[in-house]
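Presented below is the structure to which this report refers.
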Amino acid sequence: MRLAEGLGLVRGARPLLGTFLRPRAAVGAAAPAPARSQALVYAQHGEPARVLQLKDLERAELGHSGVHVKMLAAPINPADINMIQGTYALLPDLPAVGGNEGVGQVVEVGSHVTSVKPGDWVIPADAELGTWRTDAVFSEESLVKLPRDIPLLCAATLSVNPCTAYRMLADFETLVPGDSIIQNAANSGVGQAVIQIAAALGIKTINVIRDRPNLQEVVDRLTSLGADHVITEEMLRKPEMKDLFKKVPKPRLALNCVGGKSTTEMLRHIQQKGTMVTYGGMAKQPVTVPVSAFIFKDVKLRGFWMTQWKKDQPQNKDRLTGMILTLCDLIRKGQLTAPSCTQVPLKDYRIAVEASMKSFISSKQVLTM
């Protein structure tokens, strides 16, 4: 059974930070005051708490094709932090507004805009939009319309982690009910989405997490989301894993967000000709694969990056839209929820940024405007 296919994406330009040209006022009339907005801007790479500044920016004019959006909520993701630090694969021109994900409400549209109207909710169609701001004028092509009958935090956190989970479950192995998958970093945003989407499809999940002081609390939360088995990385290396596979088939798909020893141990347990997909590297260690895994199990190693998936289909925005609508349907049915979130006002961004960078963080920081 394949996951319901979504519909793709046309990438739009992100709003500029500088001064925008305005029509000249009539002779003898005072020029109208430019519209202003607030945004978290960084002019150099470095630690976010040091280089981010909350600044007043002049808002671009609407024009014929612009969409004025009031941002409602925008999360802080690891990729956002890495961009600011200058260590991510995709780096915007500086100065830049932080944030790649979030939800906003359309305030006004240009005369040529047809896909959205005032009152609609919208999310970014691609990265680099700069969502940590009160409002901005964006291009129509850079936005995707969202149904308004889903919770705000689900909307704000929809375009990165759930989409990544959906695509990895859909694109690498043809999974059917009763199959199993194994993943590390199962408590991450992607990991929680994988658990829920897999459960909705009847796919069993083996979820690996690091040992921690509140281990049982995390296990209980993941179980409540639909996790079939939650184990620590230490348990993954023990002979008792054989007993687990008497209850559930060996996984056909492994999802790796850690690297290092965790990856090697997961590979030991996947099926013949199984696939491991790497989408993150939290341990900052290389993926080490025993030669025997290639020779005797013929495993496949793949990589996934949601941003690249979008770039690979620039003329197919319908595919992205369809995936978003599929995920929204799961949300309506109660089969997909937002991760645990802490809402922080934009003005208190330093608190949110510092909290997002702590070890064993169990709540996603979401900036509210």
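Sort out which residues of the stretch 118-138 are at pLDDT below 95 and either out of contact with any Asp or Glu (no Cβ under 8 Å at 6 or more places or on another chain) or open to solvent by 30 Å² or more (accessible area, probe 1.4 Å) (or both), and write them in order of number. Within the stretch 118-138, D126, A127, E128, L129 qualify.
Somewhere in the stretch 94-111, is a residue part of a loop (DSSP other than H, G, I, E, B), modelled with pLDDT under 95 and under 21 Å from K317 (Cα atoms)? No, that holds for no residue.
Can you tell me which residues in the stretch 231-265 are of a type in the set (S, T, Y) and without any contact (Cβ under 8 Å) to a residue 40 or more places away in the chain?
Selection gives T232, T264.
Given the structure, is I351 free of Cβ contacts under 8 Å to residues at least 40 places away in the same chain and either buried (at least 17 other Cβ atoms within 10 Å of the Cβ) or more than 27 Å from R252 (Cα to Cα) (or both)? When the stated conditions are applied, I351 passes them.
Cβ-Cβ contacts under 6 Å between residues 6 or more apart (or on different chains), taken from a first residue in the stretch 100-121 that is within 17 Å of I324 (Cα to Cα) to a second residue that is surrounded by fewer than 22 Cβ atoms within 10 Å (Cβ to Cβ) and of a type in the set (S, T, N, Q), are listed as W121/Q105. Among the residues of the stretch 191-217, those identified as over 25 Å from M323 (Cα atoms) and surrounded by fewer than 19 Cβ atoms within 10 Å (Cβ to Cβ) are D211, R212, P213, N214, L215, Q216, E217. When the test is whether a residue is open to solvent by 40 Å² or more (accessible area, probe 1.4 Å) and closer than 19 Å to E265 by Cβ, P177 does not pass it. Taken over the stretch 33-90, the residue count meeting the criterion of being of a type in the set (A, V, I, L, M, F, W, C), open to solvent by 60 Å² or more (accessible area, probe 1.4 Å) and within 28 Å of A283 (Cβ to Cβ) is 1.
Residue count for the stretch 218-261 under the criterion of being surrounded by 14 or more Cβ atoms within 10 Å (Cβ to Cβ) and within 18 Å of G189 (Cα to Cα): the result is 19. When Q271, Q308, Q285 are checked against the criterion of being crowded, with 17+ Cβ neighbours inside 10 Å, of a type outside the set (A, V, I, L, M, F, W, C), more than 20 Å from A155 (Cβ to Cβ) and free of Cβ contacts under 8 Å to residues at least 40 places away in the same chain, a single residue qualifies: Q271. On the stretch given as the stretch 105-127, residues that are in contact with a Leu (Cβ under 7 Å, 6 or more places away or on another chain) and more than 11 Å from V69 (Cβ to Cβ) total 4.
The values are calculated or read from the model by the stated rules, or taken from the named source; none is laboratory data. From a predicted model like this one, the values you see are computed outputs, not experimental measurements. Cβ: placed from backbone, ideal geometry, glycine included. Neighbour counts: every protein chain shown. Surface accessibility is based on the protein's heavy atoms, side chains included, excluding ligands, DNA and RNA. Shrake-Rupley method; radii C 1.70, N 1.55, O 1.52, S 1.80 Å.
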